[in-house]
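Engineer: To start, I am sharing the structure in question, which I have written as structure tokens.
The values are calculated or read from the model by the stated rules, or taken from the named source; none is laboratory data. Values in this document were obtained by computation on a predicted structure and should not be read as measured data. Using ideal geometry, Cβ is built from the backbone for each residue, glycine included, and neighbour counts are taken over all protein chains shown. Quick note on the areas: whole protein, heavy atoms, side chains included, nothing else; ligands and nucleic acids left out. Shrake-Rupley method; radii C 1.70, N 1.55, O 1.52, S 1.80 Å.
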Amino acid sequence: MLKKIILIGIFFWAYGSLLAQGQQWSAEKAKEWYEKQNWICGVNYIPANAINYTEMWDKTGFSPKVIDRELALAQGIGINSVRVVLQYAVYEDDPSYFRKTFERFLSICDKYGIRVIPCFFDDCVFGVNTDPTIGKQPEPLEG
């Protein structure tokens, strides 16, 4: 799965190189490529058992069984893409753990043919005046 991320990076690098060289696909080549792509049908994803993205990725909350079950259901209704926020506090705490966890998530998505759109280290999904912290997350507020 990490290979897919690397390939995406290489694609963007190569694309940038082509643009820098002034080479552009013909309209026919672009149309041919586009017609081979599936229509994107996706969601912003967070598992049902996680209150926020910190809990989704953290050692105390990452739940491959829940993710597997939910993505199987998602595939069943035609979802082929999920967007997830990669929580920087979890990465900062243990980069190796985070990479392994993200790779596990990617492998589950791959199992169901679901593409992943990572949102790198977004910091605008927290509570009022609250910075993310790792560990057990607070209970949801009612209402």
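Engineer: Hey, among the residues in the stretch 62-93 that are among the hydroxyl-bearing types (Ser, Thr, Tyr) and open to solvent by less than 40 Å² (accessible area, probe 1.4 Å), which one's nearest to residue 118 (Cα to Cα)?
Structural biologist: Step by step, filter the stretch 62-93, then rank; the result is 81.
Engineer: Exactly one of (1) buried (at least 16 other Cβ atoms within 10 Å of the Cβ); (2) in a helix (DSSP H, G or I); (3) in contact (Cβ under 8 Å) with a residue 60 or more places away in the chain is unmet by residue 99. Its number?
Structural biologist: (1)
Engineer: In the stretch 46-78, what count of residues is obtained for those that are in contact with a helix residue (DSSP H, G or I) (Cβ under 8 Å, 6 or more places away or on another chain), more than 14 Å from residue 136 (Cα to Cα) and in a loop (DSSP other than H, G, I, E, B)?
Structural biologist: Within the stretch 46-78, residues that are in contact with a helix residue (DSSP H, G or I) (Cβ under 8 Å, 6 or more places away or on another chain), more than 14 Å from residue 136 (Cα to Cα) and in a loop (DSSP other than H, G, I, E, B) number 3.
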